[in-house]
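Report on the following structure.
The values are calculated or read from the model by the stated rules, or taken from the named source; none is laboratory data. Keep in mind that what you see is a predicted model, and the values were worked out from it rather than measured. As a convention, Cβ positions derive from the backbone with ideal geometry for all residues, glycine included, and neighbour counts pool all protein chains shown. Accessible surface is based on the protein model in full, side chains and every heavy atom, while ligands, DNA and RNA are left aside. Shrake-Rupley method; radii C 1.70, N 1.55, O 1.52, S 1.80 Å.
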Amino acid sequence: MSHAAGLIVTGGRVLTAVATPDDPLGVRDDAAVVCRGGRVVWVGASADAEAAARAAGIDPRDPTLVRLDAGGRLVSPGLVDCHTHLVFAGNRAAEFALRARGAGYQEIAAAGGGIAATLGPTRATPVDQLAALAAGRARRALAAGTTTLEAKSGYDLTLDGEVALLEAIHAAGHVDLGGKLRGAGPPPRLVPTLLAHLVPPEARGSAAARAAYVAGFADDLIPRVAAARLASSVDVYCDDGAFTLDETRRLLTAARGAGLAVRAHVGQFADLGGAELLAELGAWSADHLEQVSDAGIAALAAAGVVAVMLPAACVQLRMTPPPVAKLRAAGVAMAVATDLNPGTSWCETLEVPMWLATTHYGMTVEETWLGVTRVAARALGRDDLGVLSPGSAADLVVWDTDQPADLPYRIGVPLAHTVVVAGAVVA
Ligand SMILES: [Zn+2]
C-alpha cells in the first residue's frame with residue numbers, strides 16, 4: 001500500500017476511541033487528524049492542524065499531500081471486524097430458506113445442508129478463485145468502513161487444505177501480522193487465523209482416526225503455519241459436535257508452543273468450560289459465549305480476555321443472547337463482529353451487528369462503538385488499530401452523519417463517506 005506524504009483531515013467530529021473522564025468514546029468537536037507515513041501523528045483542534053503538520057515534517061506545498069474537509073461529519077477509526085470466516089465457496093441459500101420455514105437441524109442435514117455443503121465446494125475451488133471470492137467480500141466490507149478483517153481458515157479441514165485456505169487469504173489482500181503490511185492485493189488489512197473447525201468426515205470413523213487428526217493438526221499443521229508466518233493466531237471450535245475441551249487444550253497448547261496467539265469459539269451451544277481454558281492460556285478472545293458460567297465470566301475478567309459478541313449468528317439461529325449484563329458487571333471487554341460465514345451469518349459489514357448489539361444484546365452505543373474499534377483490535381492483539389491517537393495506524397472513516405449513535409440506530413444504512421487505510425483514501 002503506498003502512503004501519500006501526508007493526510008490532513010479537518011473539521012471533523014473525531015471519535016478517537018480514547019476515553020476521557022466524561023466520554024468513553026473520546027469525541028472531539030471541530031477536530032483534525034494529521035497522518036504521515038501510514039500513521040497518525042497528531043489529533044487536535046482544526047485551527048492548529050497546519051502548524052501540527054509542519055511540526056511533523058509535512059511540507060504544505062507537497063503535491064501528494066491530501067487534505068480532507070470533513071464538514072462537521074463524524075470521523076472515527078476504521079472499523080475492525082475481529083471474527084470472520086472470510087474464505088469459502090458455495091452458497092447455502094436453500095438451507096436458509098428451509099430454516100426460515102421452520103426446518104430443524106436434522107431436516108437441514110438430511111437435505112445436504114450444514115458444513116458439508118460448504119466443505120465440498122471449498123475443496124473443489126482453486127486457491128486463486130477462493131482468493132477472489134474473499135477479496136470481493138473484503139472489498140464490500142471496506143466500502144462500509146471496515147479497514148481490518150480477521151479471516152479464518154476452516155472450510156477444508158484437511159491439513160494441506162487448511163494451508164491452502166491461509167494462502168488464499170494472503171493472496172486476497174494485504175495481510176497484516178502485526179503492523180507490517182504484506183501482499184500485493186488491495187486493502188482492507190487481513191489478519192489470518194488458523195481455525196480448527198471440525199473433525200473432518202474422513203476422520204470421524206473411529207476414536208483412533210479422530211485422535212490422529214487432532215495430533216496431526218497440533219504437531220504438524222500448527223508448527224508449519226507458524227514457520228511460514230501464515231497466521232497470527234489459532235482458533236478452535238470448542239463445542240458439542242466439534243472439539244472437546246481436552247482436544248481444544250491440546251491444540252491451543254501446541255499453538256502457544258509454536259509462538260502463535262490463541263482464541264476459541266466457546267459456548268455457542270454448550271458450555272464445555274472453554275472460557276476458563278482461554279483465561280488460563282491468556283487468549284486474545286473468547287467468541288460466542290451464549291452459554292457461559294459465572295466462573296467462566298470471572299476467569300475471562302481476571303485474565304483480560306475479550307468476549308466477542310456475534311449477534312447476527314445468534315439471531316439467525318434464534319438463540320438466547322450471551323449474559324451481557326454479567327459480562328459488563330464483571331468488567332469483561334466486549335467486541336462485536338459479523339461472524340461472516342455461509343451457514344449462520346452471511347453478514348459482510350458491521351452495521352447490522354451493531355444494531356443487534358444495542359437492540360437485542362443490550363449493549364450501550366458506547367460499548368458497541370468500542371466493540372468494533374478499540375476492543376475489536378485488542379481481540380486481535382493490537383493496540384495501534386481501532387483508535388485515533390499519535391502512533392496509531394492511519395485507518396479512518398468519515399461518516400455521512402455527525403452522530404455516533406446513527407450507526408447502530410439507522411438499521412443497515414450504509415453511512416461510510418470516505419475510507420482511509422494507512423493514510424491513503426481507498427473508498
Ligand atoms: Zn465463527
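Descriptive notes on the structure:
- Members of the range 181-233 that are within 16 Å of the ligand (Cβ to nearest atom), hydrophobic (A, V, I, L, M, F, W, C) and in a loop (DSSP other than H, G, I, E, B): LEU198, ALA231
- Some residue of the range 79-87 being assigned by TED's automatic domain parsing to the domain that holds GLY343, among the hydroxyl-bearing types (Ser, Thr, Tyr) and not in a helix (DSSP H, G or I): yes
- Failed item in (1) more than 16 Å from the ligand (Cβ to nearest atom); (2) closer than 21 Å to GLU202 by Cβ; (3) of a type in the set (S, T, N, Q); (4) crowded, with 19+ Cβ neighbours inside 10 Å, with THR122 passing the rest: (1)
- Once the range 362-383 is narrowed to residues that are assigned to a loop (DSSP other than H, G, I, E, B) and either under 15 Å from the mean Cα position of the chain (by Cα) or among the aromatic types (Phe, Trp, Tyr) (or both), the residue that is surrounded by the most Cβ atoms within 10 Å (Cβ to Cβ) is VAL372.
- Within the range 275-285, being more than 12 Å from the ligand (Cβ to nearest atom) and surrounded by 24 or more Cβ atoms within 10 Å (Cβ to Cβ) holds for ALA275, LEU277, LEU278, ALA283, TRP284.
- Note on the range 319-352: residues that are of a type outside the set (A, V, I, L, M, F, W, C) and closer than 16 Å to SER76 by Cβ amount to 2.
- Among the residues making up the range 9-25, those that are part of a loop (DSSP other than H, G, I, E, B) and either under 25 Å from the mean Cα position of the chain (by Cα) or touching a residue at least 60 places away in the same chain (Cβ under 8 Å) (or both) are THR16, ALA17, VAL18, ALA19, PRO24, LEU25.
- Condition check for THR16: modelled with pLDDT of 95 or more, out of contact with any Asp or Glu (no Cβ under 9 Å at 6 or more places or on another chain) and of a type in the set (Ser, Thr, Tyr): yes
- Each residue in the range 212-223 was checked for being of a type outside the set (A, V, I, L, M, F, W, C) and either buried (at least 16 other Cβ atoms within 10 Å of the Cβ) or free of Cβ contacts under 8 Å to residues at least 40 places away in the same chain (or both), and 3 of them qualify.
- The range 16-51 - residue that is within 21 Å of ARG189 (Cα to Cα) and aliphatic (A, V, I, L, M) and, of those, most open to solvent (accessible area, probe 1.4 Å): VAL41
- Each residue in the range 226-259 was checked for being within 21 Å of the chain's Cα centre (by Cα), open to solvent by less than 60 Å² (accessible area, probe 1.4 Å) and farther than 20 Å from ALA203 by Cβ, and 5 of them qualify.
- Among residues of the range 216-236, those that are among the acidic types (Asp, Glu) and under 14 Å from HIS197 (Cα atoms), counted: 1
- Hits in the range 313-345 (condition: open to solvent by less than 20 Å² (accessible area, probe 1.4 Å) and within 12 Å of the ligand (Cβ to nearest atom)): ALA313, CYS314, ALA337, THR338, ASP339, LEU340, ASN341, PRO342, GLY343, SER345
- Filter pass, VAL175 being outside any helix (DSSP H, G or I) and of a type outside the set (Ser, Thr, Tyr): yes
- In the range 74-119, the residues that are among the hydroxyl-bearing types (Ser, Thr, Tyr) and either within 16 Å of the ligand (Cβ to nearest atom) or open to solvent by 10 Å² or more (accessible area, probe 1.4 Å) (or both): THR84, TYR105, THR118
- Exactly one residue out of ARG28, ARG61 is assigned to a strand (DSSP E or B) and not aliphatic (A, V, I, L, M), and it is ARG28.
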